[in-house]
1. Quick one: which residues, 5 or more positions from residue 6 or on another chain, have an amide H under 5 Å from its amide H? H modelled 1.01 Å from N in the peptide plane, none for Pro or chain starts.
2. If each residue of separation counts as 0.36 nm, what is the full-extension length gain between residue 95 and residue 31 once their alpha-carbon separation is subtracted?
3. What is the distance, in nm, between label points placed 7 Å from the Cα along the Cα-to-Cβ direction at residue 72 and at residue 52?
4. From the phi angles alone, apply the Karplus equation (6.51, -1.76, 1.60; θ = phi - 60°) to the stretch 70-80 and give each ³J(HN,Hα) in whole Hz, x where the residue is Gly or Pro.
5. Could you look at the stretch 1-98 and say what percent of its accessible area is carbon and sulfur, using a 1.4 Å probe and all protein chains?
6. Taking every pair of alpha-carbon atoms in the stretch 1-122, give the share separated by more than 26 Å as a whole percent.
7. Using alpha carbons only, how many degrees (0 to 90, rounded to 10) separate the axis of helix 14-25 from the longest principal axis of the chain?
8. Roughly how many Å² is the accessible area per residue of the chain, as a whole number, for a 1.4 Å probe?
Amino acid sequence: MPSLDHTIVLSSDRFASARFLAELLDAPEPKAYGPFAVLRLDNGVTLDFADLAADGREFVPTHYAILVSEDEFDAIFSRIEERGLPYWAGPRHREPQQYNTRDGGRGVYVDDPDGHSMEFLTRTYSDELLASL
């Protein structure tokens, strides 16, 4: 089956946005690759942050969901709280300053510097849960 290799994340400052996420994930410093600040995730997928000025386009903030272990979730959630970041249990800023326990896992949403919704979840949502949304 095909798998995702990378996606481009539009940003106002590619390194600031990539570092924001890298710091929450405790990931290595993003690397420069052409016009991108590349953040490699453990499964080999990269998020390639690009400056808006590079192509002159505007963007609508997007949603990115990152699957993490329970221990990683604890560490990420601690970093979110330490930084005093607003967070939500649901998309579209629903249930402020809470995380969810959907489908037997945990999930939390936080906005990056450009308003992209970064979701950290410990369990991939089941078909039953998705059908109920």
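The values are calculated or read from the model by the stated rules, or taken from the named source; none is laboratory data. Small disclaimer: the values here were computed from a predicted structure and weren't measured. A quick note on method: Cβ atoms are made from the backbone with ideal geometry, for glycine too, and the neighbour counts reach across all protein chains shown. Calculation scope for accessible area: heavy atoms of the full protein, side chains included, ligands and nucleic acids excluded. Shrake-Rupley method; radii C 1.70, N 1.55, O 1.52, S 1.80 Å.
1. Distant-sequence amide H within range of residue 6: 46.
2. Here the segment from residue 95 to residue 31 would lengthen by 19.6 nm.
3. Calculated label separation equals 2.9 nm.
4. 4, 5, 5, 4, 4, 5, 5, 4, 4, 5, 4
5. Values: 3250 of 6220 Å².
Carbon and sulfur together cover 52 percent of it.
6. Details: 1414 of 7381 pairs.
More than 26 Å apart: 19 percent of the Cα pairs in the stretch 1-122.
7. 30
8. I get 59 Å² per residue for the chain.
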